[in-house]
Amino acid sequence: MIIPMELYLPIAGNSVNIAAVFGLGGAVGLLSGIFGVGGGFLMTPLLIMMGIPPTVAAASDSNQIVGASTSGTLAHLRLGNVDVKMGVLLLVGGVLGGTVGVQIIKILRQMGNADFLINITYVLMLGLVGGYMFVESLQSMSKAKAKAKAPGAPEKHVKSSAFGRFSASLPWQMDFTRSGVRMSPLMPLFLGGLVGVLSAIMGVGGGFIMVPVMVYLLRMPMHVVVGTSLFQILFTCINVTVMQSISNHTVDFVLALILLIGSALGAQIGAKIGKKLHGDQLKILLASLVLVMMFQMLYGLLAKPGVLLAYVGGH
Amino acid sequence: MKRAALLCILLLVLPATAMADGIAFQVAPGSIDIDALYNGTAIDVSGQVPEGSQVVVRFTGAPEDVAMKQKGKALGLLWMNMNTLHFSGVPKVCLVESTVPLDQLGEAAGKLGLVGMAQAIGIEPATADRKELLPELLKLKRSEKLYRESDGAVKLGESRDGSRQFTANLPIPSRLSPGPYEVEVFAVKDAQIVAQGVEKIDARLVGIPAAMADLAFNHGAWYGILASIIAIFAGLAIGMIFQSKEAH
């Protein structure tokens, strides 16, 4: 029996090579398992290059992430890396923030120049977040080395920033045992909302913003951050899949399923690789990835495009 | 005897022979079926044209309106999607095949090509620069393999009684949406179109793609929920497989 290599996708309206789609899913799943990001930023443009219409690529991708993050969340749950309480609070905040973000983007579109603003925000955010993470993890890596050389060195002093004092002054302080932090539930609610607003405006899943927020503002350990982020992405993407299916009919399930099998496998392997890496190593790798993305976007903005027209609804 | 019977059946199945404006030709198969394994196909066009003429065969999809963003430089530096443009009467697909390159056939035949076809496309707002935008539109459609202009796929055969046999094997792109399409044949002689004919051909979804498209477009909510549930179960199943592997 000959296994067919090309499959026609009814919603995308084109045929694709199964092996190529499967491989793409695997590679993106690996990243998602290691870093706890959805990987839509990588997947969508590559699908468009394979001849999938932009709107279908973005929507099918979120369907795929549902499966991949289920697999990834499961793997991290077993490793004890998911803070469910924190995840639910961030999720609730994210949904509220997303609703606000959609309204903001509507107003921006009416004022014109929305695309310009979105692109600039994107590049600046990625540059800032990536740059900060990169420098910070480099510093803490060299500190760790210095400590190993001089065991008698003084313990690192606890930072008491204005942000920390503000956080401690909020009501209903409670323990998040998995993350090993104590704070008010208002913090994750508010920060989740902020990420929700941003991700709705930028049209992305938000993993890339959420992960740094959990690391630096909620002070969660990197391994728990990855698992909790995947847990949260799972629910966000179910919402997007159903919404897109109802209002735009742009989810191609056949495409999503092939991607998903590849990426779910990748996510399992990724979770194991991530476990072997140190928090700082993980951070610096993620920072590099964010910076590469930023430069890629910047290049897209600066270089003259091959065709001076784009379909409406694309990126 | 058996073969003759088969031929008779085949002739019956073939679509009606076109006799418009003097060109008789057949298109086979009579329709394009898009099943789960569809990856582009080819259709055969054959018939007779007046002796001494060259042949142009055109495969076109129904014209549609397309909204596009024009890319331009913002702040003199950054390439962005700028103003929205509305193109009207843009054929979904336009494949032009001829016996010799179109520019060798004179002005009348030149209009049958992509550039000639594009003249009929309307652009809103009217102030838009057609000279710049139409070639960009053609470039985009060509890169999607939906537009094509080439020679060599149409072959001329023997001449007899003042008419000449032609056959064409037209490759159809994989990126094909279901709907009505047209095959046109033009005979060009001494820089003039001396005869032409048209045949309709439908592309339709069959089997799995047809069932899925129906669910997606007519029962969107169910489709989305089902897609999510299947994705979750697939993810869980793969997760389980890994878990059981680890346990051993």
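By the gyration tensor of its Cα atoms, with a ≥ b ≥ c the square roots of the eigenvalues, what is the shape of region A:264-305: rounded for a/c under 1.5, prolate for a/b over b/c, or oblate? The partial results should precede the final answer.
Details: a/c = 7.34, a/b = 2.10, b/c = 3.50.
Taking the square roots of the gyration eigenvalues as a ≥ b ≥ c, region A:264-305 is oblate.
Measure off 7 Å from each Cα along the Cα-to-Cβ vector at A:Tyr299 and A:Ile104, then give the distance between these two points in nanometres to one decimal.
Placing both labels 7 Å beyond Cα along the Cβ direction yields 3.0 nm.
Kindly list the residues of region B:85-104 that lie in the label zone of B:Glu124, defined by a backbone N under 16 Å from the point 7 Å along the Cα-to-C-beta vector.
Those under the cut-off are B:85-90.
Let a ≥ b ≥ c be the square roots of the eigenvalues of the Cα gyration tensor of region A:165-225; is it rounded (a/c under 1.5), or, if not, prolate (a/b larger than b/c) or oblate?
On the way: a/c = 2.70, a/b = 1.53, b/c = 1.76.
Because a/c hits 1.5 or more and a/b fails to exceed b/c, region A:165-225 counts as oblate.
Once phi is turned into θ = phi - 60°, what whole-Hz ³J(HN,Hα) does the Karplus curve with 6.51, -1.76 and 1.60 give for every residue of region B:99-105, x standing for Gly and Pro?
Listing the rounded values in order: 6, 10, x, 4, 5, 8, 9 Hz.
Would you tell me the mean number of C-beta atoms belonging to other protein chains that fall within 10 Å of each C-beta in A:61-74, as a whole number? Before the final figure, lay out each step's value.
Details: counts 0, 3, 5, 4, 2, 8, 12, 4, 3, 10, 11, 2, 3, 7.
Counting other chains' Cβ atoms within 10 Å and averaging over A:61-74 gives 5.
Just report the Cα centroid separation between region B:105-164 and region B:189-223, whole Å.
21
If I stretch the segment between A:Tyr311 and A:Phe22 completely, what's the gain in nm (0.36 nm per residue apart, minus their alpha carbon distance), one decimal?
Values: separation 289, 0.36 × 289 = 104.04 nm, distance 2.65 nm.
Extra length available between A:Tyr311 and A:Phe22 comes to 101.4 nm.
Between 0 and 90 degrees, rounded to the nearest ten: what's the tilt of helix A:114-149 against the longest Cα principal axis of chain A?
40
Shape call for the protein assembly as shown from the C-alpha gyration tensor, a ≥ b ≥ c root eigenvalues: rounded (a/c under 1.5), prolate (a/b greater than b/c) or oblate? Display every interim value, and only then the final one.
Numbers: a/c = 2.90, a/b = 2.11, b/c = 1.37.
Prolate.
In degrees, nearest 10, range 0 to 90: what is the angle between the Cα axis of helix A:84-111 and the longest Cα principal axis of chain A?
50
To the nearest 10 degrees, how steep is helix B:2-13 against the longest Cα principal axis of chain B, on a 0 to 90 scale?
80
What is the set of long-range amide H partners of B:Ala36 at a cut-off below 5 Å, with H atoms built 1.01 Å from backbone N?
Here the answer is B:Ile208, since their amide H atoms fall under 5 Å of that of B:Ala36.
Considering amide H positions built from the backbone, and no H for Pro or chain starts, which residues 5 or more places from B:Tyr147, or on another chain, come under 5 Å of its amide H?
B:Cys94, B:Arg142
Please give the charge dipole size of chain A, origin at the Cα centre, charges +1 on K and R Cβ atoms and -1 on D and E Cβ atoms. Round to the nearest 20 debye.
On the way: 19 positive and 9 negative charges, 236 e Å.
Charge dipole of chain A: 1140 debye, to the nearest 20.
Could you estimate the translational diffusion coefficient of chain A from the Stokes-Einstein equation, with Rh from the Kirkwood formula over C-alpha pairs, at 10 °C and 1.306 mPa s, in whole µm²/s? Write out the running numbers ahead of the final one.
Details: Rh = 20.5 Å.
Diffusion coefficient, whole number: 77 µm²/s.
Mind listing the Cα extents of chain B along all three principal axes, in Å, largest one first?
Principal extents (largest minus smallest coordinate, Cα): 81, 70, 35 Å.
Since every read-out is calculated from the coordinates, none of them should be taken as a lab result. These numbers were taken from a predicted model, which means no experiment stands behind them. Quick reminder, even Gly has a Cβ in these numbers, built from the backbone with ideal geometry, and neighbours come from all protein chains shown.
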